[in-house]
Amino acid sequence: MTTITVHPQDASQIEAVKTIMKALNIKFEVSIVKPYNPEFVAKIKRSEKDFKNGKFTSVKVEDLSKYIDDL
């Protein structure tokens, strides 16, 4: 089996591809990829910047239980 990935740009293109696939009797799946929440992405970018600037805390594995117990 071979997989073909198609990148339609709008709903009309999706429908056109589906119509063609049905006409050719080809099984297909449609999945919608939702982008990450912009606020979440901003937090990750901030964290990466903080890390590069040395703003982070290192925890030794043997000390990890102290931090977990404090939660």
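If we scan the stretch 11-30, do we find a residue that is modelled with pLDDT under 95 and touching a helix residue (DSSP H, G or I) at 6+ places or on another chain (Cβ under 6 Å)? The answer is yes; a qualifying residue exists.
So which residues in the stretch 20-62 are in a helix (DSSP H, G or I) and of a type in the set (S, T, Y), if there are any at all? Listed by number, the list holds a single entry, S47. List pairs: first in the stretch 32-55 and among the acidic types (D, E), second outside any helix (DSSP H, G or I), Cβ under 8 Å, 6+ apart or cross-chain? Qualifying pairs under 8 Å: D50/F56.
Checking the structure you have, find out if any residue of the stretch 19-30 is aromatic (F, W, Y) and closer than 22 Å to M1 by Cβ. Yes - at least one qualifying residue is present in the stretch 19-30. Can you give me the number of residues within the stretch 31-71 that are surrounded by fewer than 10 Cβ atoms within 10 Å (Cβ to Cβ), β-branched (V, I, T) and within 27 Å of the chain's Cα centre (by Cα)? Adding up the residues that qualify gives 3.
The values are calculated or read from the model by the stated rules, or taken from the named source; none is laboratory data. Nothing here was measured: the structure is a model prediction, and the numbers come from that model. Cβ atoms come from the backbone with ideal geometry, glycine included; neighbour counts cover every protein chain shown.
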